[in-house]
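The values are calculated or read from the model by the stated rules, or taken from the named source; none is laboratory data. Only a predicted model underlies this, so the values are computations on that prediction, with no experimental measurement involved. Note that we place each Cβ from the backbone using ideal geometry, even for glycine, and neighbour counts take in every protein chain shown.
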Amino acid sequence: MDDCLAKKMEITVSEAEKRTGRNAMNMQETYTAYLIETRAVEAQSEGQCAPVDSLWRRYSEFELLRNYLSVTYPHIVVPPLPEKRADFVWHKLSADNMDPDFVERRRIGLENFLLRVASHPVLCQDKIFYSFLTQEGGWKEMVNETGFQLKADSRLKALNATFRVKNPDKRFTELKHYSDELQSVISHLLRVRARVADRLYGVYKVHGNYGRVFSEWSAIEKEMGDGLQSAGHHMDVYAASIDDILEEEEHYADQLKEYLFYAEALRAVCRKHELMQYDLEMAAQDLTSKKQQCEELATGTVRTFSLKGMTSKLFGQETPEQREAKIKVLEEQIQEGEEQLKTKNLEGRDFVRSAWADIERFKEQKNHDLKEALISYAVMQISMCKKGIQVWTNAKECFSKM
Amino acid sequence: AAGAPKPLPSSGPKSLREMPHPLATSSSEEMGPALTPSPDLIQPRSIADKDLSLPNGTPVDTSSPASSSSLLNRLQLDDDLDGETRDLFVTVDDPKKHVCTMETYITYRVTTKTTRAEFDLPEYSVRRRYQDFDWLRNKLEESQPTHLIPPLPEKFVVKGVVDRFSEEFVETRRKALDKFLKRITDHPVLSFNEHFNVFLTAKDLNAYKKQGMALLSKMGESVKYVTGGYKLRSRPLEFAAIGEYLDTFSLKLGTIDRIAQRIIKEQLEYLVELREYGPVYSTWGGLEVELSEPLEGVSACVGNCCTALEELSEDMTEDFLPVLREYILYSESMKNVLKKRDQVQAEYEAKLEAVALKKEDRPKVPTDIEKCQDRVECFNADLKADMERWQNNKRQDFRQLLMGMADKNIQYYEKCLTAWESIIPLLQDKPETK
């Protein structure tokens, strides 16, 4: 993507800062603000050092941006934000949003989000996104002025469509099923991984007790003393090594989490399709019934049972003038309806086409990213094994000198 | 499998003349066969008239049986029992279950290979059960009270918690029993013990057990150590030091035992989670197309790590913990020997005091008190010699034990490393473009 923003502009979320302020209800609150730094790439390549622009944003502004993008580009799988609250924690990790490790990982997640948007062929061209990066004041107002909230589909409407749509595109049905399964399996994986980390932490830390007891024991020994003492030191090293190992593994967990949330974005596109399809089906149904009504009035035959027909039978027929008027209204409505249906059909087809193109792009990205994540996880495991071999080999040598 | 006995010297059984004489005067290892050696050290000697002395010039009292054994003990202290000088090999193996009407129990095969004259045959193979080992140990404690007797694995097992007929339990016990006999075999005094001989050779041990009391008196075991409730004023410095050492030593071993058990527990809990973790990757693989193989690969990898971890925990349970516990038991029995020594010394001191109070004008010290003094000196000498031997063996045993522990952990990590390294190419593999 030669013309995507990421190529033209360096974007980083370089700092996080605790702030206090007053919220909408004029109550004091503490929140974290993130520093977004941008720098034009072109100027740099010419040997000049371009100036860095920066502004501060808080998480809720990121959320606003993402909501805007989701509503404005419903056919795009919009990159997700890092989690709002610390989830899938194991005992050593804090569930506190203010915890420095959590804030740090969130900073990285937010940067990743911006880079994802900036490298998306469609999203990167959005003006609101550009302003988010460059315009400190008045951005919120700008977003609200777009009136995107009005375009948002209600949850209820979407749910209704899911149950009642008759002929959704098969590919979207399969994709919806896939995204549900993906969410489920990644959640499960993250939960178990957290438990695994917890247990592994326990195993390593208990070995630290060897360090102390070997030291105490060496005090009463003559020839064995030195060997025991130095071996005990290696046990301490072993016990301490788990902290870094598990910290690194959190990055892997974050990579999985991104795709857990991506599954939701995928689902959102499917939901939009269902909505549009349902809308289309309703419009078609409505048109058909109006045409039928028209025909019945014109010919005077009642093909299907209708309350109007019954009442007119019971209480007398309408005058020909009344009937003419009704037919006219219906004919107008039918014409409108046909126009709308044509438009909706076109929109539907457009949606399916462009959504599917983005989905294909997303699939490739997902396969690539997850493969990289698995490789880096394997590399982490290899490093952990090598460290383990090193420590125990050192300990063995100390024991041999006993 | 039990360690195979080292090959016997190819020159055939050693002649009696070549065996070192327990009462020889020479300070070098070469003993002139000036006297007919008798391996039965419990019987009083007929060579009491010979003027014998220790290398340092101290005259040796050959009238008491204890002194000769302690002499042997001290002289053979530096004897490096390598393959060349060894003449007795004992192995415990081949556990078998016996189901009888009254009970079910396990017997082990005890194989002996030897060139010693004390044995009628060069080879023996008998079957013994735990009871028999327990009997042997008690007999050794009775007949060699001045020596440190190696420990047996624990007698009682809590029914329902441990399956005493499981392969793992039986194997662990077999190893401990083998170690027990080997330690006795290596001891220059204990290995010549009559009861030990019978244990290794008798077809019907029970018959011998019944004769026990009769045999004892026939042997003239007059060395009775009175536990007459004498109170020792103060333990000599060196034995006090040993006592303190043993206290701290068994305390530290207890701590190590608890730590090792905790580690095994944590590892097993880790294993439980890993067993759930691996298959989730597989499930995920089922959802994917391009990622299917990589995810399956990771799943298999985690599975391999599970197997490796299982093996590590098993090894630690079966090989590491029992040896620790053996040494704790060893320390306990050694502390008891120290107490017995205290008793002997206390008796001597009490008797000495009693005589001193009488203020009798005596030309010489009564023989009764002489014998007491003798006992104290012999006990001290035996104990010191055994302690030195014990310290050496302990050092080797722990060196081997801890190196073994390190080794098992290295092997565990190497297995995991191999598993993860092998899937890197699989993960990096570029599938054919669709």
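Here are the numbers:
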{"quantity": "Residues of the stretch A:173-218 classified as at the interface with chain B (Cβ under 7 Å from one of its Cβ atoms), more than 25 Å from the chain's Cα centre (by Cα) and among the charged types (D, E, K, R), total", "calculated": "2"}
{"quantity": "Residue identified as surrounded by 20 or more Cβ atoms within 10 Å (Cβ to Cβ), modelled with pLDDT under 95, part of a helix (DSSP H, G or I) and not charged (D, E, K, R) among B:280, B:344", "calculated": "B:344"}
{"quantity": "Qualifying positions in the stretch A:326-366 - touching a residue at least 60 places away in the same chain (Cβ under 8 Å) and polar (S, T, N, Q)", "calculated": "A:345, A:354"}
{"quantity": "Looking only at the stretch A:387-402, and only at residues there that are in contact (Cβ under 8 Å) with a residue 24 or more places away in the chain and facing chain B (nearest Cβ under 7 Å), the one that is surrounded by the fewest Cβ atoms within 10 Å (Cβ to Cβ)", "calculated": "A:400"}
{"quantity": "Those residues of the stretch B:285-307 which are surrounded by fewer than 20 Cβ atoms within 10 Å (Cβ to Cβ), of a type in the set (A, V, I, L, M, F, W, C) and in a helix (DSSP H, G or I), in sequence order", "calculated": "B:287, B:300, B:306"}
{"quantity": "Residue match in the stretch B:132-154 (condition: of a type in the set (Gly, Ala, Ser) and buried (at least 20 other Cβ atoms within 10 Å of the Cβ))", "calculated": "no"}
{"quantity": "Candidates A:169, A:236, filtered to the one that is of a type in the set (Asp, Glu), at pLDDT below 95 and out of contact with any Phe, Trp or Tyr (no Cβ under 7 Å at 6 or more places or on another chain)", "calculated": "A:169"}
{"quantity": "Filtered residue count, the stretch B:262-274, keeping only those that are surrounded by 15 or more Cβ atoms within 10 Å (Cβ to Cβ) and more than 7 Å from chain A (Cβ to nearest Cβ)", "calculated": "3"}
{"quantity": "Members of the stretch A:173-219 that are among the β-branched types (Val, Ile, Thr) and at pLDDT 95 or above", "calculated": "A:185, A:186, A:192, A:196, A:203, A:206, A:213"}
{"quantity": "Residue ID - farthest from residue B:403 (Cα to Cα), chosen from residues in the stretch A:219-237 that are within 57 Å of the chain's Cα centre (by Cα) and among the acidic types (Asp, Glu)", "calculated": "A:236"}
{"quantity": "Subset tally (residues that are more than 7 Å from every other protein chain (Cβ to nearest Cβ) and either of a type in the set (D, E, K, R) or touching a Phe, Trp or Tyr at 6+ places or on another chain (Cβ under 8 Å) (or both)) for the stretch A:360-386", "calculated": "12"}
{"quantity": "Residue list for the stretch B:284-307, restricted to those being free of Cβ contacts under 8 Å to residues at least 60 places away in the same chain, more than 8 Å from every other protein chain (Cβ to nearest Cβ) and touching a helix residue (DSSP H, G or I) at 6+ places or on another chain (Cβ under 6 Å)", "calculated": "B:285, B:292, B:296, B:299, B:302, B:303, B:306"}
{"quantity": "Residue within the stretch A:148-165 that is of a type in the set (Val, Ile, Thr), surrounded by fewer than 18 Cβ atoms within 10 Å (Cβ to Cβ), over 30 Å from residue A:202 (Cα atoms) and outside the structural domain of residue A:345 (by the TED database) present", "calculated": "no"}
{"quantity": "Tally, over the stretch B:68-105, of residues that are modelled with pLDDT under 75 and within 18 Å of the chain's Cα centre (by Cα)", "calculated": "5"}
{"quantity": "For residue B:428: the one exception among (1) free of Cβ contacts under 8 Å to residues at least 24 places away in the same chain; (2) within 30 Å of residue B:290 (Cβ to Cβ); (3) touching an Asp or Glu at 6+ places or on another chain (Cβ under 7 Å)", "calculated": "(3)"}
